[in-house]
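Input: a single structure, listed below in C-alpha cells.
The values are calculated or read from the model by the stated rules, or taken from the named source; none is laboratory data. Quick caveat: nothing in here was measured; it's all calculated off a predicted structure. We place every Cβ from the backbone using ideal geometry, glycine too, and count neighbours over all the protein chains shown.
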Amino acid sequence: MPVHLYGSVVDIKKIKKITNKKKIYIIDDCSQAHGAYLDNKRVGSLADISCFSLYPGKNLGAYGDAGIITTNNLYYYNKIKNFRNLGSTKKFVHTQVGFNSRLDTIQASILIEKLKLLHSNNIKRRKIAKFYDLKIINKKIKKLNYSIGAVYHQYVVITEKKKKLIDLLDRNNIQYGFHYPKSINQIESLKNVFSRQKYPNSENLAKKCISLPIDPNLKKNELFKIVKILNSF
Ligand SMILES: Cc1ncc(COP(=O)(O)O)c(C=O)c1O
C-alpha cells in the first residue's frame, strides 16, 4: 500500500517488479497526489486499486468529506460499487454486507467545478516548490527529493533547529504545519500495535519536519518574504 506522500509519486514500477512475481496486489493512497504523474501515467491508474481522499484541504477537496476509488479491474469495480451502497446494486437485493459510502451529490457537483482548477493549481504549486528549491539557501534547512511528476500537496523541509524556526515564522505571521509530528508508533491508540519494534527514522523525522506554505494562491511578494525569513536564521 504505497502512499504518494506530500504529492510525490512512489515509483510503482519498482514495486511491481517484486509484486508481479508473487501475485501481490497494489492499493495506492493518492490522497495527497491528485493529478500527479509517473512517466506519462496519472496516479489513479498506476495500481490495482487507487484511493483518493477529497477532504477539503486536499489538492482536489470537497466542501466536506468525500473520496473516490479508481480501478481498471471490472471485478473490483463492481465489488466497490456494491460495498459503497450498503452491499446493494439493485433495490432490496443485498449480495454482501456493505457501507453507506455514497458520494453526496452536492459534494460531487462542487468537485466537478473544482476539478477544472486542479491542473492550473498544481502548476502553481510546482512553481512555488521550484522557487523554494532554488531560493532557500540556508544550510540549516534540508530539502526533500520530490518525484518529477509531484504535485506538492505539502512542501516539507527538515531542520535540526525546529523550535527556532517555528518561533521565527510565528513572529513573522507565516503559517506552517507538521506532517507529521508523531511517528505512527507514538500515536496513543496505536502504541500497542507498534510496540514490538523501534522506529528511530520516523521518530527522528517527526521531530524535525516542517511544512512550508504552498497554497497555489500565494503571491510573489509573500513568497519572497517567506524565503528571506527562512534564509535569515
Ligand atoms: C495520505 C492520506 N491518506 C488518507 C487520508 C484520510 O482521508 P479521509 O479523512 O478523507 O478518509 C488522508 C487525509 O488526511 C491522507 O492525507
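Test each condition in (1) among the aromatic types (F, W, Y); (2) away from the ligand (no atom under 15 Å from the Cβ); (3) touching a helix residue (DSSP H, G or I) at 6+ places or on another chain (Cβ under 9 Å) for Y63 and report the one that comes out false.
(2)
Can you name the residue in the range 53-72 that is under 15 Å from N121 (Cα atoms) and not aliphatic (A, V, I, L, M) and, of all such residues, is surrounded by the fewest Cβ atoms within 10 Å (Cβ to Cβ)?
Looking at the filtered set, the residue picked out is G57.
Is it the case that K182 is in the same structural domain as I123 (by TED's automatic domain parsing), exposed (fewer than 15 other Cβ atoms within 10 Å of the Cβ) and under 24 Å from the mean Cα position of the chain (by Cα)?
Against the criterion (in the same structural domain as I123 (by TED's automatic domain parsing), exposed (fewer than 15 other Cβ atoms within 10 Å of the Cβ) and under 24 Å from the mean Cα position of the chain (by Cα)), K182 qualifies.
Just to be sure before I move on: is G98 in a loop (DSSP other than H, G, I, E, B), in contact with a Ser or Thr (Cβ under 8 Å, 6 or more places away or on another chain) and small (G, A, S) in the structure I sent?
It is true that G98 is in a loop (DSSP other than H, G, I, E, B), in contact with a Ser or Thr (Cβ under 8 Å, 6 or more places away or on another chain) and small (G, A, S).
Quick check on my filter: what residues within the range 33-60 are of a type in the set (S, T, N, Q) and either touching a helix residue (DSSP H, G or I) at 6+ places or on another chain (Cβ under 7 Å) or more than 8 Å from the ligand (Cβ to nearest atom) (or both)?
N40, S45, S50, N59
Does the range 10-32 include one or more residues that are more than 10 Å from the ligand (Cβ to nearest atom), assigned to a loop (DSSP other than H, G, I, E, B) and in contact with a Lys or Arg (Cβ under 9 Å, 6 or more places away or on another chain)?
Looking through the range 10-32, at least one residue is more than 10 Å from the ligand (Cβ to nearest atom), assigned to a loop (DSSP other than H, G, I, E, B) and in contact with a Lys or Arg (Cβ under 9 Å, 6 or more places away or on another chain).
Quick one: what pairs do we get from the range 18-42, first residue in the same structural domain as R126 (by TED's automatic domain parsing) and closer than 15 Å to L5 by Cα, second among the basic types (K, R) and not in a helix (DSSP H, G or I), C-beta under 6 Å, 6+ apart or different chains?
Correct list of pairs: empty, since none qualify.
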